[in-house]
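Engineer: Encoded as structure tokens, here's the structure I'll be asking about.
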Amino acid sequence: MGNNSRRDFLKKTILTGAGLIVLPVIYKKSAYAGGSANSLIRFAQIGCGREGTADYMGTIRHTDLCRMVAVCDLDSKRLDIAKSTVETFYKNKGETNVEVKTYHDFHELIASPDIDAVIVSVPDHQHALVAIQALLAGKDVYVQKPLTYSITEAKALRATVRAKHRILQTGSQQRSEKPWNTFRIASEAVRNGRIGKVQKVKIGIGIDRPKGVKPEPQEVPANLDYDRWLGPVPKQPYMEFRVHPQNNVDGRPGWITTEDFGLGMITNWGAHHIDIAHWALGQELGGPLSVDAKAEFMKDDVWTVHTTYHVEMMYPGDVQVILDNTFTNGIEFIGTEGTAFCARGAERVTASDPVNANGGGSKGPLWATNDKILYPRIGPEGKIWMPSQDHYRNWLESIISRKDPIAPVEHSARSLEACATAWISMKLGRKLEWDPKKEMFKKDKEANAMMTRKPSSPEYDLALLMKKAGLKF
């Protein structure tokens, strides 16, 4: 059964009525009996590190909707671990002769007609290149946040999703109920006018600090294809602490604090919290009008991202959005009739992630100046978010329904743009004017030039890739 006919089958199975309402339908346990996976979405994982492991383990448990069939990584150690983990998962459910295919080159994986969808959890600097090529190959995609490394990449990825009629879910898990419903409750309250006219939004996203040790260049381990790992980035010596730990899949990778591969906390956590701020302000398809950012950057070290920062952005309606490294991690909405705050609480993804001392300050991860601001959740205008208990399941159900998921590409592209404009202002050290309609800076060639970057070789030239595909962005 081909991909399209399989999807039609899934759609007819899970949808009820003419309204195309996606329901958490549970398939019979025999859906995979006899070795036939025609009733399940066959997905693969590209990038099997810390986030990749969390992504495929979060998805694989929805056995009524999907079947994991392949893994791909440029580090054979991580590839072997992922293969073993997935096979063990199915064997623990009573299956025998389980085999998960492994791929070194993601191009070979996306060329397989046996794969319907892929999760892209590679470092930020290759999000767009991998995701776009997967979309062009007809796959539906889940991509980690931030959506892309640069503004230009976000535009290209968005254009590809729509041109190819694919489903893309962004890993902005704060939009789903579990494990944090605090963001949905607070942002719904703000969107429905329960704090009056919004005047200010204060966002804390934590801080990166130098590691305190300066590693030296090393010989590339035999299990890692370092040249391909660098991809569009200029050639540079290998250092384990600037790539990822060789003996700990769950360890925080050094590339996160190296500007060639990611822009630091402004996109790392900024993409999460700015996304929720946009949701609450009704700016999912908008953005700031101006951005004025100051930051310190790591010096005399191999890590290069910003440390301390202060960012002030002005949004339509005279709403000021401020990000500062001294703020509690979370989002505080201040209006004419009250204040609402939301955060993740005391949970850490890794030991090095920022955390609130008391789960969001002395009042916890969700609070407001008046309890009536937060409850009931539906405001007088009745604006309430799409149901989404589980972010991965929402992606799978969207693949079946062919309807946008809870974190669609248009919204995540705008979140990335806001974060990246702040980074560009940090680098230039001056205030910038942004045109959210044209998605470019006003009369500023220097700033607009920083919306993209020159690839290391034609193989990684995004503009060339899009041109060959006949797509404009």
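Engineer: Give me the net charge of Pro232's neighbourhood, meaning all other residues with Cβ under 14 Å from the Cβ of Pro232; Lys, Arg count +1, Asp, Glu -1.
Structural biologist: Cβ neighbours under 14 Å give a net charge of -3.
Engineer: For Ile115, Ile46, Ile207, what ranking results if the residue with the fewest other Cβ atoms within 10 Å of its Cβ goes first?
Structural biologist: Working: Ile115 22, Ile46 28, Ile207 18.
By the 10 Å Cβ count, ascending, the order reads Ile207, Ile115, Ile46.
Engineer: Regarding the range 222-268, what is the average projected area of its C-alpha convex hull, in nm²?
Structural biologist: Working: hull surface 14.5 nm².
For the range 222-268, averaging the hull's shadow over all directions gives 3.6 nm².
Engineer: Determine the percent antiparallel among the DSSP beta bridges restricted to the chain, to the nearest 5. The partial results should precede the final answer.
Structural biologist: Values: 34 of 58 bridges.
Roughly 60 percent of the DSSP beta bridges within the chain come out antiparallel.
Engineer: Still on this structure: Give the span of the range 87-156's Cα atoms along each principal axis, as three whole-Å numbers ordered largest to smallest.
Structural biologist: Principal extents (Cα only, largest first): 46, 23, 19 Å.
Engineer: Any chance you could check the Cα centroid distance between the range 61-103 and the range 213-279 for me, in angstrom?
Structural biologist: Cα centroid to Cα centroid, the span is 25 Å.
Engineer: Translational diffusion coefficient, Stokes-Einstein: compute it for the chain using the Kirkwood radius over C-alpha pairs as Rh, at 4 °C and 1.567 mPa s, and state it as an integer in µm² s⁻¹.
Structural biologist: Once the numbers are plugged in, D ends up at 56 µm²/s.
Engineer: Now for a different question. What relative contact order, as a whole-number percentage, does the range 105-219 give when Cα pairs under 8 Å and 6 or more residues apart are counted?
Structural biologist: 18
Engineer: How high is the relative contact order of the chain, given as a whole-number percent (alpha carbon pairs under 8 Å, six or more residues apart)?
Structural biologist: This gives 19 percent for the chain.
Engineer: With θ set to phi - 60° and the Karplus curve 6.51 cos²θ - 1.76 cosθ + 1.60, what are the ³J(HN,Hα) couplings of the range 98-112 in order, to the nearest whole Hz, using x for Gly and Pro?
Structural biologist: 7, 9, 9, 6, 10, 9, 8, 9, 5, 4, 5, 5, 6, 7, 6
Engineer: Report relative contact order for the range 244-325 in percent, whole number only (criteria: Cα-Cα under 8 Å, sequence separation at least 6).
Structural biologist: 22
Engineer: Based solely on its DSSP helices, what 222 nm [θ] is calculated for the chain when runs of n ≥ 4 H residues each add -39,500 (n - 2.57) and the sum is averaged over all residues, nearest 500 deg cm²/dmol?
Structural biologist: When only DSSP H runs of four or more count, the value is -9000 deg cm²/dmol.
Engineer: What's the extension gain from Asn92 to Arg209 if we count 0.36 nm per residue and subtract their Cα-Cα distance?
Structural biologist: On the way: separation 117, 0.36 × 117 = 42.12 nm, distance 4.14 nm.
Separation in residues times 0.36 nm, less the Cα-Cα distance, equals 38.0 nm.
Engineer: Using only C-alpha positions, report the orientation-averaged shadow area of the convex hull of the range 190-341, nm², one decimal. Each step should come with its number before you reach the end.
Structural biologist: Working: hull surface 43.6 nm².
The Cα convex hull of the range 190-341, projected and averaged over all directions, gives 10.9 nm².
Engineer: Another question, then. Assuming a ≥ b ≥ c are the square roots of the Cα gyration tensor eigenvalues, decide whether the range 77-201 counts as rounded (a/c under 1.5), prolate (otherwise, with a/b larger than b/c) or oblate.
Structural biologist: Oblate is the answer for the range 77-201, as a/c is 1.5 or above yet b/c matches or exceeds a/b.
Engineer: Tell me which aspartates and glutamates have Cα within less than 20 Å of Lys214's Cα, excluding those fewer than 8 residues away on the same chain?
Structural biologist: Glu240, Glu259, Asp260, Glu296, Asp300, Asp301
Engineer: Show which aspartates and glutamates lie in cross-link reach of Lys442 when reach means a straight Cα distance below 18 angstrom and same-chain residues fewer than eight apart are skipped.
Structural biologist: Straight-distance partners of Lys442: Asp292, Glu312, Glu417, Glu433.
Engineer: Then there's this: Run down the lysines and flag those whose C-alpha is under 18 Å from the C-alpha of Lys294, throwing out any fewer than 8 positions away in its chain.
Structural biologist: Lys202, Lys427, Lys431
We did not get these values from a lab; they are worked out from the coordinates using the rules stated. Remember, it's a predicted structure, so these values are computed and weren't measured experimentally. Methodologically, a virtual Cβ is constructed for each residue, glycine included, from the backbone with ideal geometry; neighbour enumeration extends over all protein chains shown.
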